[in-house]
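Everything on this sheet refers to the single structure shown next.
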Amino acid sequence: MAYRDRFSVVGRKTDCHLYEGDGTRPLTEENVRVLHTGRRVRFPDELGAWRREIADEEARKQAAGEPFRWNNPRFAVESLVVARTHTREEPLVTVSLLDADYYDFLTTSLNLGRRLRNGSTLRKQYLEDADPLDAPPWMFCSLGVNVAVETAQDGRMLFSRRSAKVAGPNASRWNSSANEGLAAHHDLPASGEISLHRVARRALREELAVQAFDRVDLELLGFGLDLLNNQWAVFFRAVLEDLDEERLRARWSQGVEDKWEHDAYAFTPADPEAVLTFLHRTRSWAPCAPALFHLALVRAAVRAHGGDPGARLLVEEAERRVLDRE
């Protein structure tokens, strides 16, 4: 099988493979294409039976007035192709999507360790004994957009902890500031042009009450693969130019569209040493969250030094200081 290295930071190896991006330069919106084919992802018969089990159980819960997971149209990632532009060799990414839904995602994400009739498991067959990137599309029924948020007015970095009420493997874990999975109802307009940047803005609005009129410096920094849960992750950095911690918390107290999805927030100074210290001291992270915040730190350092990619070494130096102190 192909070896997929795992991102590590402040002495901790994560289950995230950083597939594209190092934080030194963004992927421009025009250089990221999302191609949608109106063809539904298809499970093998055995997994189709697992999906029916999930649908029947959630229908039972709903009928009984119990908390249930509702289904909604989503996408499966058929392929993610990385290239470079002809002259300037800027990152060029094409994401190809098929139709899927939330129960398709649960079918694989909740059953990676479930025994198949052949005696193997999905995890062993597709993630351990083979290159995860070669897994069939029905193994990738989720594309998550993750945003690292900084407040420009007071120079703070925001971390969010997912609620225990959220379905999936990252419940009760510290995660990106805001994140959303691509959903057909929200993210597939009549024109058919899916924009990952628009999904990031939706995540900011639904989870943090950052509205369309708020000035946001938004950059796409890369793509990663959660090797533990087999999910693609898109990494964004967002600088809220007119907001600070106090104003954000005041807004949240007045209501957020998806307020129930998080049960705690933490702010630190946005400098590398403070952020890396928080990453090091805090346990229970979603697999790709540390990579996201590291990319955001690198991007901030590069921009602060006139675009010099060598400024990423300042983040490495801060990491060494944190480890020496701890």
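Quick rundown of the values:
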read-out: Count of residues meeting criterion [among the β-branched types (Val, Ile, Thr) and either in contact with a His (Cβ under 6 Å, 6 or more places away or on another chain) or in a strand (DSSP E or B) (or both)] in region 196-224; value: 1
read-out: Residue that is free of Cβ contacts under 8 Å to residues at least 40 places away in the same chain and either within 23 Å of the chain's Cα centre (by Cα) or loosely packed, with under 14 Cβ neighbours inside 10 Å (or both), where the choices are Leu295, Leu248, Leu313; value: Leu313
read-out: Subset of region 133-149 (residues that are open to solvent by less than 20 Å² (accessible area, probe 1.4 Å) and among the acidic types (Asp, Glu)); value: none
read-out: Looking only at region 63-75, and only at residues there that are in contact (Cβ under 8 Å) with a residue 40 or more places away in the chain and not in a loop (DSSP other than H, G, I, E, B), the one that is surrounded by the most Cβ atoms within 10 Å (Cβ to Cβ); value: Phe75
read-out: Qualifying positions in region 259-288 - open to solvent by less than 30 Å² (accessible area, probe 1.4 Å) and not small (Gly, Ala, Ser); value: Glu261, His262, Phe267, Thr268, Val275, Leu276, Thr277, Leu279, Thr282, Trp285, Pro287, Cys288
read-out: Residues of region 227-249 that turn out to be at pLDDT 95 or above, of a type outside the set (A, V, I, L, M) and closer than 30 Å to Cys141 by Cα, as a count; value: 4
read-out: Residues being outside any helix (DSSP H, G or I) and open to solvent by less than 20 Å² (accessible area, probe 1.4 Å) - total across region 35-56; value: 1
read-out: Tally of residues being open to solvent by 40 Å² or more (accessible area, probe 1.4 Å), under 21 Å from Val41 (Cα atoms) and not in a loop (DSSP other than H, G, I, E, B) across region 90-122; value: 1
read-out: Condition broken by Glu180, with the remaining ones in (1) part of a strand (DSSP E or B); (2) over 12 Å from the mean Cα position of the chain (by Cα) satisfied; value: (2)
read-out: Candidates Leu292, Leu313, filtered to the one that is of a type outside the set (Phe, Trp, Tyr) and over 20 Å from Glu206 (Cβ atoms); value: Leu313
read-out: Test: Ala301 is over 21 Å from Asn170 (Cβ atoms) and crowded, with 17+ Cβ neighbours inside 10 Å; value: yes
read-out: Region 153-192 - residue that is of a type in the set (Lys, Arg) and surrounded by fewer than 20 Cβ atoms within 10 Å (Cβ to Cβ) and, of those, modelled with the highest pLDDT; value: Arg173
read-out: The one condition in (1) of a type in the set (D, E, K, R); (2) within 21 Å of Trp138 (Cα to Cα); (3) surrounded by fewer than 17 Cβ atoms within 10 Å (Cβ to Cβ) that Arg60 fails to fulfil; value: (2)
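Residues are listed down the side, and each one gets a yes or a no for (1) at positive phi; (2) at pLDDT 95 or above:
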position: Gly23; (1), (2): yes, yes
position: Arg33; (1), (2): no, yes
position: Phe43; (1), (2): no, no
position: Asp56; (1), (2): no, yes
position: Ala63; (1), (2): no, yes
position: Arg69; (1), (2): no, no
position: Glu78; (1), (2): no, yes
position: Glu89; (1), (2): yes, no
position: Ser96; (1), (2): no, yes
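The values are calculated or read from the model by the stated rules, or taken from the named source; none is laboratory data. Note that the structure is predicted; figures quoted are calculated from it, not measured. Neighbour counts are summed over all protein chains in view; Cβ atoms, including those assigned to glycine, are modelled from backbone coordinates with ideal geometry. Side chains are part of the model used for accessible areas, which takes the heavy atoms of the whole protein and leaves out ligands, DNA and RNA. Shrake-Rupley method; radii C 1.70, N 1.55, O 1.52, S 1.80 Å.
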